[in-house]
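The values are calculated or read from the model by the stated rules, or taken from the named source; none is laboratory data. Keep in mind that what you see is a predicted model, and the values were worked out from it rather than measured. Backbone-built Cβ (ideal geometry, glycine too); neighbour counts: all protein chains shown. Note: accessible area is taken over every heavy atom of the protein model, side chains too, but ligands, DNA and RNA are not part of it. Shrake-Rupley method; radii C 1.70, N 1.55, O 1.52, S 1.80 Å.
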Amino acid sequence: MYVWPCAVVLAQYLWFHRRSLPGKAILEIGAGTSLPGIIAAKCGAEVILSDSSELPHSLEICWQSCQMNNLPKVHVVGLTWGHVSQDLLALPPQDIILASDVFFEPEDFEDILTTVYFLMQKNPKVQLWSTYQIRK
Ligand SMILES: C[S@@+](CC[C@H](N)C(=O)[O-])C[C@H]1O[C@@H](n2cnc3c(N)ncnc32)[C@H](O)[C@@H]1O
């Protein structure tokens, strides 16, 4: 597992906007080491971290990030992009979706946007804060 450069950039963006974060419902997708979500939680947001339900090691890393950063109230759920699962259905409306370095495999883009679209139906004002890296 690795903190991708995109995560550092998104974390800096969150820190810049830290005064707007307390009380916000924030979901991180494809969270991995979860740096942006951890920063958001430290700034007072109500954070849910998620990674693929088919990648238990990734979910374990999300848990470990919460434990190492003393954030027992942060929830971790398995959300596979494009899957309308019980966990996705059970999510409360979100204010912000964090997506750091998830747009790397074009064949996944539609699935990611399907998940975002589903969350937009719960809250049409939800914002997607995403960073991506151009790979050549
Ligand atoms: C390039 S890493 C980025 C990790 C982290 N967001 C960062 O920027 O450091 C991509 C992440 O997407 C997750 N992922 C890959 N395929 C996925 C899928 N189909 N659904 C949900 N998450 C997925 C991986 O487990 C991994 O954590």
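Below is a table of values for the structure above.
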read-out: For the stretch 101-136 versus the stretch 1-77, the gap between their alpha-carbon centres in whole angstrom; value: 16
read-out: Relative contact order for the chain, counting Cα pairs under 8 Å that sit 6 or more residues apart, in percent; value: 25
read-out: For the stretch 13-25, Karplus couplings with θ = phi - 60° (6.51, -1.76, 1.60), whole Hz, Gly/Pro x; value: 5, 4, 4, 4, 9, 4, 5, 8, 8, x, x, 6, 8
read-out: Accessible area expressed per residue, the stretch 21-131, with surrounding protein chains retained (probe 1.4 Å, Å²); value: 50
read-out: In order through the stretch 57-65: 3J(HN,Hα) via Karplus (6.51 cos²θ - 1.76 cosθ + 1.60), integer Hz, x for Gly, Pro; value: 5, 5, 5, 4, 5, 4, 4, 4, 4
read-out: Accessible surface of the chain, 1.4 Å probe, proportion on carbon and sulfur as whole %; value: 58
read-out: Residue of Ile112, Ile26, Ile38 that the Gaussian network model of the chain assigns the largest fluctuation, springs spanning Cα pairs under 10 Å; value: Ile112
read-out: Nearest-0.05 FRET efficiency for Tyr132 and Glu107, computed from C-beta distance (R0 22 Å); value: 0.90
read-out: Amide H contacts of Val77 (H built 1.01 Å from N, under 5 Å, at least 5 apart or other chain); value: Leu49, Ser50, Asp51
